[in-house]
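The values are calculated or read from the model by the stated rules, or taken from the named source; none is laboratory data. Just so it is clear, the structure is predicted and the values come from calculations on it, not from any experiment. Virtual Cβ from ideal backbone geometry, glycine too; neighbours counted across all protein chains shown. We work out accessible area using only protein heavy atoms, side chains counted, and drop any ligands, DNA or RNA first. Shrake-Rupley method; radii C 1.70, N 1.55, O 1.52, S 1.80 Å.
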Amino acid sequence: MSSTSEPATATTTGSAAPDTYRRAAIIGGGVIGVSWAALFLARGIDVVISDPRPDIEDLVRAGLDGIAPTLARLGPPTGARAGRLTFEADLATAVADVDVVQENGPERLELKQQIWRTVEQAAPAHALLATSTSSIPATAVARVLRQPERLVVGHPFNPPHLVPLVEIVPGERTSAETVERARAFYAGLGKKPQVLRKEIPGFVANRLQSALFREAVHLVAEGVVTEQELDDVVTASIGLRWAVAGPFRTFHLGGGPGGLPHFLEHLGRTMGTSMWPSLGSPALDEATVALLVEQAREAFGDAAVEELAAERDRAQIALMAALAGEAEAGGTR
């Protein structure tokens with residue numbers, strides 16, 4: 001195992017991770033894995049990354065360097081310390097002495113089952129086992145395990161070091177104890193975990209995002225608006241509104257004194273009969289993709305993705321800080 005350490009130079013807001021989680025194994029050093037690593041390290045958790053790629057250490061360290069400014073702007077939590085970063089290609093060795101395993105491997109069921117067979121055999125009995133798959137249910141992965149009650153989905157909204165949501169999705173045989181441990185662990189990291197009541201492909205946030213994007217593609221493909229114009233519509237309306245009140249609360253407030261029942265009775269019926277049937281089902285065929293790519297070039301210009309992402313993160317942090325300040329001042333959200 002590599003013993004090179006990488007102290008985290010910044011931490012995120014909120015409470016420090018529970019003391020019982022001192023060491024974490026992150027399986028997969030891609031975008032999600034690096035983001036998890038940054039958060040864990042900032043919370044004082046030692047991290048070992050297991051990934052077979054020969055250049056993984058360089059890739060991860062470069063990714064952490066890119067994330068560091070965002071974490072610095074978020075500010076350190078009370079009592080947090082810097083965690084140590086190491087690398088271990090052998091999966092069994094990597095998980096042999098950890099308190100939590102966060103797996104972020106490719107979305108292939110057979111591969112995930114192979115990974116988790118090894119993890120179950122090698123990891124300590126007390127370790128929390130979480131997969132951040134976005135499309136494969138825990139039930140399917142856990143079919144090969146001797147103790148399927150230990151495995152739960154811990155699916156972040158990208159990037160995990162910044163966006164608070166983590167969707168916790170138990171499988172058919174996941175124990176209530178495992179679910180509660182996962183909820184407490186992610187909450188201790190300053191996240192906002194949401195336990196889903198049943199398994200569904202894509203979970204909740206990605207399904208909502210996909211539904212909105214489908215209609216966005218339809219409107220652009222039909223020539224109603226350009227990509228830039230559609231982005232401006234969203235950020236000047238529902239994007240602002242949904243940051244402080246989700247769809248149901250928004251329509252509850254839009255129903256006047258009668259709230260959501262009044263809205264559904266007077267406007268909801270029209271929405272269901274006239275608007276929903278007219279929503280688009282665009283095909284991402286060659287012509288549509290070409291149109292989207294062309295308009296993306298016009299909208300985003302020659303700016304590097306990294307520059308645009310940094311700009312987005314600065315605005316996201318400012319928004320999160322404003323919402324946190326409102327909550328501390330006695331807001332009702």
Inset, instruction - Could you check which residue among 239, 258, 66 shows the biggest mean-square fluctuation in a GNM of the chain with a 10 Å Cα cutoff? - result: 258
Legend entry - Within-13-Å neighbourhood charge of residue 307 [Cβ basis; K, R +1; D, E -1]: -2
Inset, instruction - Mind listing the long-range amide H neighbours of residue 194? Cut-off is under 5 Å, sequence gap 5 or more, other chains count too, H placed in the peptide plane at 1.01 Å from N. - result: 166, 167, 168
Inset, instruction - Enumerate by residue number the GluC sites (Glu not before Pro) in the range 154-233 meeting two conditions: DSSP loop (anything except H, G, I, E, B), and at most 10 other Cβ atoms within 10 Å of the site's Cβ. - result: 222
Inset, instruction - For the chain, set up a Gaussian network in which alpha carbons nearer than 10 Å are linked by springs, and say which option among 237, 210, 134 fluctuates the most. - result: 237
Inset, instruction - Count the DSSP beta bridges whose two residues both fall in the chain, then state the antiparallel fraction as a percent rounded to the nearest 5. - result: 20
Legend entry - Most mobile listed residue (178, 270, 133) in the chain, GNM with C-alpha springs under 10 Å: 270
Inset, instruction - Treating only the Cβ atoms of Lys and Arg (+1) and Asp and Glu (-1) as charged, compute the dipole magnitude of the chain about its Cα centre; round to the nearest 20 debye. - result: 1360
Legend entry - Within-12-Å neighbourhood charge of residue 171 [Cβ basis; K, R +1; D, E -1]: +1
Legend entry - Carbon + sulfur, % of accessible area of the range 99-163 - ligands and nucleic acids excluded, 1.4 Å: 49
Inset, instruction - Mind ranking 40-51, 105-116 by how tightly packed they are, going by the mean number of other C-beta atoms within 10 angstrom, highest first? - result: 40-51, 105-116
Inset, instruction - Mind running the shape call on the range 190-333? Use the C-alpha gyration tensor, a ≥ b ≥ c as the square roots of the eigenvalues: rounded below 1.5 for a/c, prolate if a/b tops b/c, oblate otherwise. - result: oblate
Inset, instruction - Scan the range 186-221 for trypsin sites (Lys or Arg not before Pro) in coil per DSSP, keeping those whose Cβ has at most 15 other Cβ atoms within 10 Å, and list them by number. - result: 197, 198
Inset, instruction - Kindly provide the helix-only [θ] at 222 nm of the chain, computed as the sum of -39,500 (n - 2.57) over DSSP H runs of four or more divided by all residues, to the nearest 500 deg cm²/dmol? - result: -14000 deg cm²/dmol
Legend entry - Those residues of the range 234-253 whose amide nitrogen sits under 19 Å from the label point placed on residue 322, 7 Å along Cα→Cβ: 234-247, 250
